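Taking it in order: structure first as structure tokens, then the write-up.
The values are calculated or read from the model by the stated rules, or taken from the named source; none is laboratory data. Predicted model, so just to flag it, every value in this text is computed and none were measured. Neighbour counts run over all protein chains shown; Cβ positions are idealised from the backbone, glycine included. Side chains included, ligands, DNA and RNA excluded: accessible areas come from the protein's heavy atoms. Shrake-Rupley method; radii C 1.70, N 1.55, O 1.52, S 1.80 Å.
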Amino acid sequence: MKIVILDSYCVNPGDLSWEKLREFGDIAVYDRTSLSDENEIIDRIGDAEIVLTNKTPISRNVLISCPSVRLISVLATGYNAVDCKSAHELGVVVCNTPAYGTASVAQHTFALLLEICHHVSHHSDAVHDGKWSSCSDFCFWDYPLLELSGKTIGIIGFGAIGQAVGRIAASFGMNVIAYSRSQTDSGRMIGEYVSLDELLQRSDVISLHCPLFPETEQIICRETIEKMKDGVILLNTSRGGLINEYDVSEALNSGKISAAGVDVVSSEPIKNENPLLGAKNCLITPHIAWAPFESRRRIIAYAWENIHAFLDGQPIHVVNG
């Protein structure tokens, strides 16, 4: 088999190995492939039968131009980079990588929330700048500090990651409510399912963990923000398109939203004109919630499993029927 990895660097910048995949055949590894130059994508795939991609797009034209391709394994949970409908029509199996980052994303969600609550980085900088040593009191702080116990967190999207966030929230003594397309027994053990309107009205913290579908695009916008408590905290470690960034920026600057922590934005890398960059009390991390070493190692393990199962005639994690 010939295998090509189109954008290796994001998943494996050098601290992991693709070596285990060599048992399936020859591997061509590219750190990065153009996201816009189809000719480069086609040339790099060539006559490969298995393609691994993270964000490099695989269009219908690419698939038609590379008829040897039999399997595309996406090195991520989201698979919108691949024209799955065309792949199905052309007999190409598309698999994704599910659940590899559940713990990592939940952890990062709380890293953002705890930074908002305690301003740890700011106060550490203040200590190094001498503000504590020059303080007449035994302690020093110049930001309001917030305790989470007793607060209500509303989680929009209560799948694996949303429920992991709910379990952490419950361990902090928070009340957990959730809005989700489907309700499960495991979810009911963690929190209370409510309508979206009730979640918006009751929550002190709102955390987004739903996929980006037409019905969830800009689910956080002027209309839904108006239903929120004054001073609510907003977290987004899911998809940038879930929020209207102009409306959220306006709400941050007015104080309707007291603080936001986001790991994703509508266009990545972030554009200089993104309104969140100039908004008050907005933490922005560069799409790294998924990226701890252990999480990326699981992605490679899943890629091996996807290829092995496909070659065994029983493909798994298939997303195109």
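Looking only at the stretch 273-301, count how many residues are more than 25 Å from Pro13 (Cβ to Cβ), assigned to a loop (DSSP other than H, G, I, E, B), open to solvent by 80 Å² or more (accessible area, probe 1.4 Å) and without any contact (Cβ under 8 Å) to a residue 60 or more places away in the chain.
Qualifying residue count for the region: 2.
Would you say Ser266 is closer than 20 Å to Leu112 by Cα and either open to solvent by less than 20 Å² (accessible area, probe 1.4 Å) or in a strand (DSSP E or B) (or both)?
On the way: closer than 20 Å to Leu112 by Cα: yes; either open to solvent by less than 20 Å² (accessible area, probe 1.4 Å) or in a strand (DSSP E or B) (or both): no.
No.
For the stretch 79-137, give me every one of the helices (runs of 4 or more DSSP H) that falls completely inside it and has 2 or more residues that are hydroxyl-bearing (Ser, Thr, Tyr) and touching a residue at least 60 places away in the same chain (Cβ under 8 Å). Outline the logic, then answer.
Values: elements: 84-89, 102-118, 120-128.
Here the list reads 102-118.
Pairs needed: first member in the stretch 43-54, free of Cβ contacts under 8 Å to residues at least 60 places away in the same chain; second member anywhere, assigned to a strand (DSSP E or B) and open to solvent by 50 Å² or more (accessible area, probe 1.4 Å); C-beta distance under 7 Å; at least 6 residues apart or different chains.
Here the result reads Asp47/Lys2; Ala48/Lys2; Glu49/Lys2, each pair linking the stretch 43-54 to a residue that is assigned to a strand (DSSP E or B) and open to solvent by 50 Å² or more (accessible area, probe 1.4 Å).
Go through Asp312, Asp263 for me and flag whichever is out of contact with any Lys or Arg (no Cβ under 8 Å at 6 or more places or on another chain) and without any contact (Cβ under 8 Å) to a residue 24 or more places away in the chain.
Numbers: Asp263 fails: without any contact (Cβ under 8 Å) to a residue 24 or more places away in the chain.
From the options Asp312, Asp263, the qualifying one is Asp312.
Limited to the stretch 182-191, what total is found for residues that are closer than 20 Å to Thr216 by Cβ and either out of contact with any Phe, Trp or Tyr (no Cβ under 9 Å at 6 or more places or on another chain) or surrounded by 13 or more Cβ atoms within 10 Å (Cβ to Cβ) (or both)?
Of the residues in the stretch 182-191, the ones closer than 20 Å to Thr216 by Cβ are 182-184, 187, 191.
Still in the running and either out of contact with any Phe, Trp or Tyr (no Cβ under 9 Å at 6 or more places or on another chain) or surrounded by 13 or more Cβ atoms within 10 Å (Cβ to Cβ) (or both): 184, 187, 191.
Counting residues in the stretch 182-191 that are closer than 20 Å to Thr216 by Cβ and either out of contact with any Phe, Trp or Tyr (no Cβ under 9 Å at 6 or more places or on another chain) or surrounded by 13 or more Cβ atoms within 10 Å (Cβ to Cβ) (or both) gives 3.
May I ask you to list the residues in the stretch 1-31 that are surrounded by 17 or more Cβ atoms within 10 Å (Cβ to Cβ) and in a strand (DSSP E or B)?
Listed by number, the residues that qualify are Lys2, Ile3, Val4, Ile5, Ile27.
Could you list, ordered by first residue, the pairs with Cβ atoms under 8 Å in which the first is in the stretch 238-249 and surrounded by fewer than 23 Cβ atoms within 10 Å (Cβ to Cβ) and the second is part of a helix (DSSP H, G or I) and at pLDDT below 95, at least 6 apart or interchain?
Note: no pairs meet the criteria.
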